[in-house]
Amino acid sequence: MNDDLSTDLYIRRFRYWEHLTEEEKELAASHTRVVHYSKGDQVHRGPLDCIGVLLIKKGQLRVYTLSEDGRDVTLYRLFADDVGILSASCVLDAVTFDVYIDAEEDTEVLLIDAPTFRKLADENIYVRCYGYEKASSRLSDMLWKLQQILFLSADRRLAIFLLEESQNLQSDTINLTHEQIARYMGTAREVVSRLLKYFVQEGWLETSRGRLHIINRAALEDIAQQ
């Protein structure tokens, strides 16, 4: 990768950069490459993979887990400037949770390969701490998602999802289908369709094909906080 680009990348997104030796900086830069994924591509195959650390340049990745019967549950999504650390979980010996990652749209990432990140983590305490800190943050996201599925009512989960999606997009308009929302929430499409119809009847949302618009944010916030 271009040295100027890699230096700028690491300074902006990886706090450990200033603590690397010149040799380590050169190693990191020379083993970071641009990878393109098309919508629908499988990026990481759970326990069968350990590709390395991902920095999303553009696009969107979905991180999920699989049950024994093949049902998947979305844990979180990665957007531009997000860092995917669990695709390098083999590098972090204390992290044993396997995840799968798919491209939700055409996506471009910068990939630091796993052997390089392991070498840096083994030899530099700042890199190792960064890896575990990122992994801990993602595990917290996953626990929150599983808590929602296990303990929160479907209408509250939907309200939380819509508010979080709106915040991520910085917009009251959300371009997602009922099926996509159901997949991201870990529930049935019929449940989402029924609840969205109820939200529309109450005057909280407007919907059209593949599009939602929040009208009454305060009402959704009330439901989310119940």
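The values are calculated or read from the model by the stated rules, or taken from the named source; none is laboratory data. Treat the numbers as computed from the prediction; the structure is a model and nothing was measured. Positions of Cβ are generated from backbone atoms using ideal geometry, with glycine treated the same way; all protein chains shown enter the neighbour counts. Remember, those area values only see protein heavy atoms, side chains included, never the ligands or the DNA or RNA. Shrake-Rupley method; radii C 1.70, N 1.55, O 1.52, S 1.80 Å.
Per residue, the solvent-accessible area of the chain (1.4 Å probe, heavy atoms of protein chains only, all protein chains present) comes to 52 Å². Compute the label zone of residue 67 within region 174-190: residues whose backbone N is under 11 Å from the point 7 Å along Cα-to-Cβ. Residues passing the 11 Å test: 187-188.
Please report the net charge: other residues with Cβ closer than 12 Å to the Cβ of residue 24, K and R +1, D and E -1. It would help to have the intermediate numbers written out before the result.
On the way: positive: 25, 119; negative: 18, 22, 23, 26, 122, 123.
Cβ neighbours under 12 Å give a net charge of -4.
For residue 156, what charge total do you get from the other residues with a beta carbon under 13 Å from its beta carbon, if Lys and Arg give +1 and Asp and Glu give -1? With Lys, Arg at +1 and Asp, Glu at -1, the net is -3.
Averaging sequence separations of C-alpha pairs under 8 Å and six or more residues apart, then dividing by the length of the chain, give the relative contact order as a whole percent. Walk me through the numbers on the way to the answer.
Numbers: 357 pairs, mean separation 42.4, N = 226.
Relative contact order of the chain: 19 percent.
Along the axis of the charge dipole computed for region 180-222 (Cβ charges of +1 for Lys and Arg, -1 for Asp and Glu, origin at the Cα centre), the listed residues 214, 203, 186 are led at the positive end by 186. Near residue 186, once Lys and Arg are set to +1 and Asp and Glu to -1 for all other residues with Cβ below 10 Å from its Cβ, the sum equals +3.
Ignoring ligands, DNA and RNA, please state the percent of accessible area on the chain from carbon and sulfur, probe 1.4 Å. Don't skip to the end; give the middle numbers.
Numbers: 5490 of 11860 Å².
Ligands and nucleic acids excluded, carbon and sulfur give 46 percent.
Exposure here means at most 15 other Cβ atoms within 10 Å; with trypsin sites (Lys or Arg not before Pro) in a DSSP loop as sites, the longest stretch of the chain lacking them is 72-208. Taking amide H atoms as placed 1.01 Å from N in the peptide plane, the amide H of residue 82 lies under 5 Å from those of 56, each 5 or more residues away in sequence or on another chain.
Remark on the chain: 129 stand apart, with no other cysteine beta carbon under 4.7 Å. A helix-only calculation puts the chain at -14000 deg cm²/dmol for mean residue ellipticity at 222 nm, using -39500 (n - 2.57) for each DSSP H run of at least four residues, averaged over all residues. At an R0 of 25 angstrom, the distance between the Cβ atoms of residue 168 and residue 108 translates into a FRET efficiency of 0.85. Around the Cα centre of the chain, unit charges on the Cβ atoms of Lys, Arg, Asp and Glu (plus for the first two, minus for the last two) sum to a dipole of about 660 debye.
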